[in-house]
Structure formats: structure tokens, C-alpha cells
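Data block below; observations after.
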Amino acid sequence: MNAITLFAEGPQRLLYYPDFFSSSDFERLKAGLPWQQNSIRVFGKEHLEPRLTCWFGPAYRYSSIQWPELPMPPLLSDIRSQLSLATDFPFNAVLANYYRDGNDSMGWHSDNEPEMDSSFIVSASFGGTRTFHFRNKLDGKTLKIDLLNRSLLIMQHMQTDWQHAIHKTKRPVHPRINLTFRRIMTD
């Protein structure tokens, strides 16, 4: 299966596989994961996250949310094994995001917490299509891609100079689950 190169500049790469997974695990993921809506601190104010999330892997913290260490359930371990085999990268954690409708979103950010190896992050999408936006922190350049059901987006060395987001939309969209696999550095 060949990747579509969406962006390549120096070590920075965005590679997209529109049909990476042979089947959609949306319903199994929706029913089988412990979804929750956390409270986050943004610009000094508390808000509910505008989506449902859950975490598996070593202990991790972002935006005032502290996730305890939690082993991956078999469904996620199987997906992680498939991704590690295809990419030759040792993922040990996943942040699962459930976007229930167009009101659910994710603001501009980079996945660059100090304990994370941000050189290689993959995003697996199941369910409805949502537009994934990128913005360069240095020159304001933007990119966007519609992430389809069963697709995989590979982000290599993108977290230093780029931010990404899923914006709210008024157009009808089906629910979507995104699994963002990464590696958390442990001692």
C-alpha cells in the first residue's frame, strides 16, 4: 500500500493512507472504550473538553488533565501492533478521541509535551470524515486533509513547527473516532 505524501520539507513529513485498515472498528471502539469528558484549563478558565477521550499507556499529562498509567485493551493492542509493524516504530500509548458530531472539536495545538517522543505520531480514523487542519507556527502556512474512515495519517517531525486542529462544523457529519498513537518516554 502506497502513501500519499501531503507535505515533505526536510525531515517533516505528512503521509496519508486513505484505506490503511481493512475494516472499520468504529462500533467496537465506541462500545468498548471507557469514554469520558474531562475538564481542561484554557487561558486560565475551566471548560469541558469538546469531545470524549480516553488514554492507554504510561502516565501522561496535558492541558491540566492527568492520565494514570493504563494498559491497552486487546482491540487497541492489535491496532498498535499493526501500526508498529507497518512503521517500524515502538508505540506505547494511545489517546482515543470520540467526536460525536460537528460540535465536537479540538483546538490548535502541537503534541509536544516533554515526556513524548514527538518525532513520529500516527492518527488512525474510524467513522465519519472530518477535516484535519495544520498551521505553521513560523510562517502561517496552512494545510488541510479530509480524514476518511479506515485511514491513517503519519506525522513525522511536525510537532515543533506546526499545530493541528479539528474545527467545529455546522455541516452534518457522522461520529468519528480517532486513535493517536505515540511513544511516551519512560525511565
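The values are calculated or read from the model by the stated rules, or taken from the named source; none is laboratory data. These figures come from a predicted structure and were not determined experimentally. Positions of Cβ are backbone-derived with ideal geometry, glycine not excepted, and every protein chain shown enters the neighbour counts.
Could you tell me which of the residues Tyr98, Tyr62, Tyr17 is surrounded by 18 or more Cβ atoms within 10 Å (Cβ to Cβ) and within 21 Å of Ser118 (Cβ to Cβ)?
Tyr17
Please state which one of Asp104, Asp78, Asp139, Asp146 is closer than 24 Å to Ile40 by Cα and not hydroxyl-bearing (Ser, Thr, Tyr).
Asp104
Quick one: in segment 31-81, which of the residues that are basic (Lys, Arg) and not in a helix (DSSP H, G or I) is nearest to the chain's Cα centre (by Cα)?
So the residue we want is Arg51.
Kindly provide the set of residues from segment 82-123 that are at pLDDT below 95 and assigned to a strand (DSSP E or B), ordered by number.
Met106, Gly107, Trp108, His109, Met116, Asp117, Ser118, Ser119
Quick check on segment 101-128: of everything there that is acidic (Asp, Glu) and closer than 20 Å to Arg176 by Cβ, which residue is surrounded by the most Cβ atoms within 10 Å (Cβ to Cβ)?
Across segment 101-128, the extreme among qualifying residues is Asp104.
Consider only pairs whose beta carbons are under 6 Å apart and that are at least six residues apart or on different chains; among these, list those whose first residue lies in segment 135-155 and is free of Cβ contacts under 8 Å to residues at least 24 places away in the same chain and surrounded by fewer than 17 Cβ atoms within 10 Å (Cβ to Cβ) and whose second residue is β-branched (Val, Ile, Thr) and assigned to a strand (DSSP E or B).
Lys144/Thr131; Asp146/Thr131
Pick out the one residue from Phe126, Phe134 that is part of a strand (DSSP E or B), closer than 26 Å to Glu69 by Cβ and under 14 Å from the mean Cα position of the chain (by Cα).
Phe126
All but one of (1) surrounded by fewer than 16 Cβ atoms within 10 Å (Cβ to Cβ); (2) in contact with a Ser or Thr (Cβ under 9 Å, 6 or more places away or on another chain); (3) of a type in the set (A, V, I, L, M) hold for Ala86; which doesn't?
With respect to (1) surrounded by fewer than 16 Cβ atoms within 10 Å (Cβ to Cβ); (2) in contact with a Ser or Thr (Cβ under 9 Å, 6 or more places away or on another chain); (3) of a type in the set (A, V, I, L, M), Ala86 is out only on (2).
Select, from Leu29, Leu33, Leu70, the only residue that is in contact with a Phe, Trp or Tyr (Cβ under 9 Å, 6 or more places away or on another chain), among the hydrophobic types (A, V, I, L, M, F, W, C), within 18 Å of Ile184 (Cα to Cα) and modelled with pLDDT of 95 or more.
From the options Leu29, Leu33, Leu70, the qualifying one is Leu70.
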